[in-house]
Protein chains: 2
Amino acid sequence: MKAGIEAGEVSNASRNRVSRGVSVVDFILRIVACLGTLGSAIAMGTSRQTLPFSTRFIRFRALYKDLPTLTFFVIANSVVCGYLALSLPLSIFHIIKSAAKNSRIILLIFDTVMMALLTAAASAASGIVNLAHNGNSITNWFAVCQQFNNFCQRISGSLIGSFVGVVVFMVLIIIASVAISRR
Amino acid sequence: MKAGIEAGEVSNASRNRVSRGVSVVDFILRIVACLGTLGSAIAMGTSRQTLPFSTRFIRFRALYKDLPTLTFFVIANSVVCGYLALSLPLSIFHIIKSAAKNSRIILLIFDTVMMALLTAAASAASGIVNLAHNGNSITNWFAVCQQFNNFCQRISGSLIGSFVGVVVFMVLIIIASVAISRR
C-alpha cells in the first residue's frame, strides 16, 4: 500500500489532474445528493392536511406518521443526508491527496450500503404513494388522494429529491471504481 | 491499460492466487443470487388463490397481476436473474485471467444498476405485502391477507430470495472494488 501511494505520487501530472477533477465532481455530487435527501425528508416530514369536517370522535387528518413506509422514508433520507454530510471532509481529503486509495474503498463500501438504504426507502414510498393516488379496486384499497389532495401532492413531490440521491449514488460508485482503478 | 495488464501478469504469484480466489467467490455468489431471484420470480409469478365462494359477477381470486408493484417485482427479478446468468461467462473469464481490469469495471457498473433495480423491486413489494398483512386503519386499507391467507404466505416467502440477491450484489460490488484496487 505504501509503495502504491509513493508510485502514485511520482506518477505524471496529467493523471493527477484528472484524479483531482474526479474528486471535485465527487464532492459536488455529494452536496447535491445531501440537499436532495434533506429536501425530501423535510418535505415529507412537514406535510400534513386536516379536512375541514369531522365527526364527534374522529378528525380527518393525514400525516406521514400514519403510514409506516413514509416514516421509514423520512428516517432513511435523514440518515443518508447525515452520512453524506459526514463524508464531505473525506471527499475534500481526496481532492487534496488524489493518490489515496484505501479511504476511497472505504467510502465506496459505505456508499453502496447507503445507496441500498435510499433506494429501498424511495421505492417503497413510491409504491405507497402510487396506491394513495390510484387505489386498487381488487383489494378494495381506496384512493385516499381524492380527499387528501394537498397532502398527496406534497408527498409525491418529496420523492424527487430521493430519486436524485439514488442516481447520484450510482454515479458516485462508478466514478469511485474508475478512480481506484487508475491508481 | 496494456501496460497495466502486463504489469499485472508479471506481479507475484501470491497476489494472483488471492485474485483468483476472489473471482471464484464472485462466480459462486452470482449463481446464488441468480437462483435466489429466479426462485422469487417463480414463487411470486405462480402464486394464486381463489376463494371457495363467489357472487354472480365476481369470483374472489388473488393473483400477482392484481397489484402493479408485484408485477414489477416479477419483471425486475426475471431481468436481474437473466443479467446474472449472462454475467457468468465474464466471471469465468476473470477466474482464468485474474489481471483483467476494464472488464471488472464494466461488470461493477452493471452490478450497481442491477442492485438498484432489485432493491427497488424488493422493497416496494415488501411495502405492499406488509400492507396486505396488516392493513392501515387510518386510510381504510383492509388487511386482505385475512381472506387470501395462502396467497399472502406465498408472496411473503418469495421476498426472501430477492433480498438475498440484494445482499449478494452489495458483496459483489465491494469485492470487485477491492479486486480492482489490487491491480
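Worth a mention:
- The residue of segment B:125-134 that is least open to solvent (accessible area, probe 1.4 Å), among those that are at the interface with another protein chain (Cβ under 9 Å from one of its Cβ atoms) and not hydrophobic (A, V, I, L, M, F, W, C), is B:Gly127.
- Filtered residues of segment B:27-51 (kept if more than 10 Å from the chain's Cα centre (by Cα) and open to solvent by 40 Å² or more (accessible area, probe 1.4 Å)): B:Phe27, B:Ile28, B:Ile31, B:Ile42, B:Thr46, B:Arg48, B:Thr50
- Residue within segment B:59-73 that is open to solvent by less than 50 Å² (accessible area, probe 1.4 Å), in a helix (DSSP H, G or I), in contact (Cβ under 8 Å) with a residue 24 or more places away in the chain and away from every other protein chain (no Cβ under 14 Å) present: no
- A:Leu88 vs. criteria farther than 26 Å from B:Phe148 by Cα and within 10 Å of chain B (Cβ to nearest Cβ): no
- Of all residues in segment A:142-183 being within 7 Å of chain B (Cβ to nearest Cβ) and closer than 30 Å to A:Leu51 by Cα, the one that is surrounded by the fewest Cβ atoms within 10 Å (Cβ to Cβ): A:Phe142
- Number of the condition not met by A:Ala99 [criteria: (1) at pLDDT below 95; (2) open to solvent by 40 Å² or more (accessible area, probe 1.4 Å); (3) more than 8 Å from chain B (Cβ to nearest Cβ)]: (2)
- Exactly one residue out of B:Val168, B:Val164, B:Val144 is touching a residue at least 40 places away in the same chain (Cβ under 8 Å) and in contact with a Gly (Cβ under 6 Å, 6 or more places away or on another chain): that is B:Val164.
- Lone qualifier among A:Thr112, A:Thr139, A:Thr119 - being in contact (Cβ under 8 Å) with a residue 60 or more places away in the chain, open to solvent by less than 30 Å² (accessible area, probe 1.4 Å) and within 7 Å of chain B (Cβ to nearest Cβ): A:Thr112
The values are calculated or read from the model by the stated rules, or taken from the named source; none is laboratory data. Being a predicted model, the structure only gives us computed values, none of them experimental. We place every Cβ from the backbone using ideal geometry, glycine too, and count neighbours over all the protein chains shown. All accessible areas refer to the heavy atoms of the entire protein, side chains included, with ligands and DNA or RNA removed. Shrake-Rupley method; radii C 1.70, N 1.55, O 1.52, S 1.80 Å.
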